[in-house]
Structures are given as C-alpha cells and as structure tokens.
C-alpha cells in the first residue's frame, strides 16, 4: 500500500529530529505534545520503519530515520516554495520587498539606484535593512531578504549574483596615534599595543566573523563604518576603512594610510545577490533586471 502521510506529519518528524524531544518539538510548532507524538507514530506506521530510538533520555534518530529526514526536508522545502509561489501569483505585484545593504556599500550610489526604481513602483513598499559582516548572508538564507548588496561566497550554488563594483579597504590611523614612524615596514607586532577598531557582526545566529584582526590587540567594536571612521579620526583607535569613505581625510592629512609590506590595501567585490532556489515575484524580478542593466551599462 502506498504511504499516505501528510506534510504536517513530516514537519512534526523534522521538529523532533531537530529538537531531540517531543516536548520541545511541540513547543517549537505551537502544538500539543500528544498531537506531535501521534503524528510521528502515524508517519512511522505509514512508512513501516522506526524513525526514532526512544530508549534513552532523549529520542535519537535511527539509521532509517536519518535517511528519511534528508528526503523529508527536501519535500518540506519544496512545499514551502510552492506555497510562497502561489501566494505571490495570487497577489500579483508584491506588497513589499526586503533589501539588505551591507556595511561596505557606497550609500549615495546604492540608495540612488533604489530610489529611481521604487519611484516607478509606488504600490510596493521598500523594507530596507543595513547589516554588517555576515548579517546580510544570514538575512538571505533565513528568507528575510529578497536580495542583498554585499560581498558573497561566489562558489555558493544557492545564490546567483550580479557584480556591483569593488571597494578598496585601506588601514588608517590619525596623526600622532602611534609612536612608530609610519611607513611600509610597520608590523602586526608594532600595532598590537594599540586599540584596533572593528565592526560588530550584526548576525544573530551565525558565528561572528571579523577581518584584519590582530590577535591579542585591544579591540573596540562599533556598529557601522561611519562610527568606526569617527573613532579613528578622533585618535581612539585604528582600522581598515573603505577608501571611498576616507578619501577626503587622507587627502587633507586627518588620516594616514599605514599600508605597506604587512598591512596591504585590500579589494572587496560587491554584488547584488538573491537565492537561486526561491521563487521571485514580478517586482523582485524587475528590480533584478534593473541592477543587470546598471551593471551592463
């Protein structure tokens, strides 16, 4: 007989597998403990295999359960995509788009592009978010962003992207901040005694990331590049800054570059990215073509 299980039963099974108990799974799904227990038991009866070993304090997947879980997750993802796609078809144009701008984006150019696009889409609200470091990636993979403007892992098969430009990152200090002569031979050991100002990762669940950090150095963390720039200009720390944000300060001497043999100027490729494995509504597709046209021009 062909199994006649439901998506609800698969969702209960997945929740128990993730949480390690029926009680925790029920809380996660906002369902009663008996409902979740019965759903998993019915699924096991339909499939004819035991999905969990219930002999311990916490339930554990059997070998068959681990195999079934992988296929169940694919089915649940596909069902979620189908539901989202149908909802978008029913609505026509999206009521809102979630766009995440990363901390390295040149805001005047980025916001200008978005303003020109949304001027022609008055029926769609722009929900604009600013995130740092791995924050944009987390938003994208948690389905909290239709697209992001940031740097990405270009080998990740889950995303597609459009090149949006490059940002040079230059290590800078205020005059008089360090005692050593500023030149190409400054080393990490020279700079370890000084406060390093770094951006705070805005991701909530991912492991925090940082760049250019000297181990053992005292650190001050800030939320964005504008605060970081002011901290460095005031002689309260040093750090790497997007060159477009500090061009004037470098030109008039309020900031000095310490790029050299050990602290090199780096280049980061920015992209507009979206999920390849998610449906996109008509306005989101139109916005994507808008960025493609800008990149092609």
Revision key, fill the gap. Checked the range 270-289 for anything surrounded by 18 or more Cβ atoms within 10 Å (Cβ to Cβ) and over 20 Å from the mean Cα position of the chain (by Cα); matches are 281, 283
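Taking the stated definitions as given, is residue 136 assigned to a loop (DSSP other than H, G, I, E, B) and either surrounded by fewer than 20 Cβ atoms within 10 Å (Cβ to Cβ) or under 12 Å from the mean Cα position of the chain (by Cα) (or both)? Even if it seems obvious, please write down each step before you answer.
On the way: assigned to a loop (DSSP other than H, G, I, E, B): no; either surrounded by fewer than 20 Cβ atoms within 10 Å (Cβ to Cβ) or under 12 Å from the mean Cα position of the chain (by Cα) (or both): yes.
Criteria not met by residue 136.
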**Study point:** Tabulated pairs, the range 257-274, first without any contact (Cβ under 8 Å) to a residue 40 or more places away in the chain, second assigned to a loop (DSSP other than H, G, I, E, B), C-beta under 8 angstrom, 6+ apart or interchain
**Key:** none
Exercise for review: Quick one: count up the residues across the range 213-234 that are within 21 Å of residue 179 (Cβ to Cβ) and in contact with a strand residue (DSSP E or B) (Cβ under 8 Å, 6 or more places away or on another chain).
Suggested key: 7
Check your understanding: Going through the range 53-64 one residue at a time, which ones are surrounded by 14 or more Cβ atoms within 10 Å (Cβ to Cβ) and either in contact with a strand residue (DSSP E or B) (Cβ under 6 Å, 6 or more places away or on another chain) or in a strand (DSSP E or B) (or both)?
Key -> 59, 60, 61, 62
Exercise for review: Of the conditions (1) in a helix (DSSP H, G or I); (2) at pLDDT below 90; (3) under 25 Å from the mean Cα position of the chain (by Cα), residue 94 clears all except one; give me its number.
Suggested key: (1)
Point to revise | Members of the range 5-31 that are part of a loop (DSSP other than H, G, I, E, B) and under 33 Å from the mean Cα position of the chain (by Cα) | key: 6, 20, 21, 30, 31
Exercise for review: Would you be able to say whether some residue in the range 66-87 is part of a strand (DSSP E or B) and either at pLDDT 85 or above or within 30 Å of residue 243 (Cα to Cα) (or both)?
Suggested key: no
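Take residue 189 and decide whether it is more than 30 Å from residue 290 (Cα to Cα), free of Cβ contacts under 8 Å to residues at least 40 places away in the same chain and more than 26 Å from the chain's Cα centre (by Cα). If you could, list the steps in order and put the result at the bottom.
Working: more than 30 Å from residue 290 (Cα to Cα): yes; free of Cβ contacts under 8 Å to residues at least 40 places away in the same chain: yes; more than 26 Å from the chain's Cα centre (by Cα): yes.
In short, yes.
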Exercise for review: Could you tell me whether residue 50 is in a helix (DSSP H, G or I), without any contact (Cβ under 8 Å) to a residue 24 or more places away in the chain and over 15 Å from residue 71 (Cα atoms)?
Suggested key: no
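The values are calculated or read from the model by the stated rules, or taken from the named source; none is laboratory data. Remember, it's a predicted structure, so these values are computed and weren't measured experimentally. Neighbour counts are summed over all protein chains in view; Cβ atoms, including those assigned to glycine, are modelled from backbone coordinates with ideal geometry.
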